[in-house]
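Heads up, the thing below is written out as structure tokens.
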Amino acid sequence: MGGAQCVLGKEVFWPTDEQNHNLQLPFWPHFTDLWLGYEPVTPSGNWMFAKEEPQESEDEDDYDSSDPGSDYNEMDDTDKDWIAPEDRMGKIFRTKPIHELFNAYYLSAANAALCMPKLDNMFLEVTNGWNRHEFWYRVRDGVANATWSSGDDPKAFEPSDEVLQLWKQVASARTGGDLGVEFDLL
């Protein structure tokens, strides 16, 4: 998959002002595949990942921010000098998905998918450096599945009941069957 990463609001999938009676809701009768990659920040500037609380076993006194990290340990000393301090490996932060923000995106995407009667694939990926989270809705041989993947913990994000129910409606409308749900590692 190629393409550019961009900042997207949940409105990209579905209008937020459904109460406006003059608003014509979208309908995509021939849409089959959607692949989107976006940055882990909302248009209003909210991060979609929260900082992890420091683990008890970490000793902050041992951390050296000028140490470029293990990726650079194999380099010659002269090569290390060319790496600016801000580009060196530091502590990974903002790795915990913020459920409220992700659920808002997935509700919006499911509403849009209900208006895509031929949808076979919807792949949504949010990534920025080490932070990565994916959602993949797919229909194969008349069976619909939804997979949420998040870093090295498959249960780092669990969709709300409202999100699951709406995606089950999508599966039922598209296949007449239930939705298979999976949580996976990246």
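The values are calculated or read from the model by the stated rules, or taken from the named source; none is laboratory data. Keep in mind that what you see is a predicted model, and the values were worked out from it rather than measured. When we count neighbours, we look across all protein chains shown, and the Cβ atoms used for this are built from the backbone with ideal geometry, even at glycine.
Of note:
- Restricting the range 127-183 to residues that are aliphatic (A, V, I, L, M) and touching an Asp or Glu at 6+ places or on another chain (Cβ under 7 Å) leaves a set whose member that is farthest from Asn111 (Cα to Cα) is Val139.
- Within the range 130-157, the set of residues being under 18 Å from Phe102 (Cβ atoms) and of a type in the set (Gly, Ala, Ser) comprises Ala146, Ser149, Ser150, Gly151, Ala156.
- Only one entry of Ile92, Ile98, Ile83 meets the criterion of being closer than 25 Å to Lys155 by Cα and at pLDDT below 80, and that entry is Ile92.
- Remark: Leu119 matches the filter, which requires a residue to be touching a residue at least 40 places away in the same chain (Cβ under 8 Å), within 15 Å of Phe13 (Cα to Cα), buried (at least 16 other Cβ atoms within 10 Å of the Cβ) and over 14 Å from the mean Cα position of the chain (by Cα).
- One residue stands out in the range 105-135 among those that are touching a His at 6+ places or on another chain (Cβ under 9 Å) and part of a strand (DSSP E or B): the one that is nearest to Val163 (Cα to Cα), namely Leu124.
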